[in-house]
Amino acid sequence: MNINYLIGSHIRKAREEKNLTVKQLAYLCKISPNHLTRLENGNRGLEIDRLISILNALEIDIFELLKKE
């Protein structure tokens with residue numbers, strides 16, 4: 001399985017659990033909704049600073065993110 005897809009799908013699940021829209025999370029992370037959608041779909045690589053921004057916005061750590069099924 002592609003690592004970008006795996007992390008992206010976990011981000012989507014975490015976002016949905018927090019009842020956030022793509023637009024809301026993108027705003028909190030200071031990225032475009034299109035960029036976030038591409039990340040969630042695994043169509044873009046994720047830089048560590050972007051990952052940290054997303055984790056902070058979701059108020060979770062990397063371990064919580066990777067536990068998502």
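Computed quantities for the displayed model
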quantity: Residue 56 vs. criteria open to solvent by 90 Å² or more (accessible area, probe 1.4 Å) and part of a loop (DSSP other than H, G, I, E, B); calculated: no
quantity: In the range 27-41, residue least open to solvent (accessible area, probe 1.4 Å) [restricted to those that are under 21 Å from residue 61 (Cβ atoms) and in a loop (DSSP other than H, G, I, E, B)]; calculated: 31
quantity: For residue 24: the one exception among (1) on the phi > 0 side of the Ramachandran plot; (2) polar (S, T, N, Q); (3) surrounded by 12 or more Cβ atoms within 10 Å (Cβ to Cβ); calculated: (1)
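The values are calculated or read from the model by the stated rules, or taken from the named source; none is laboratory data. Everything numeric here is computed off the predicted structure, so don't read it as measured data. Positions of Cβ are generated from backbone atoms using ideal geometry, with glycine treated the same way; all protein chains shown enter the neighbour counts. Remember, those area values only see protein heavy atoms, side chains included, never the ligands or the DNA or RNA. Shrake-Rupley method; radii C 1.70, N 1.55, O 1.52, S 1.80 Å.
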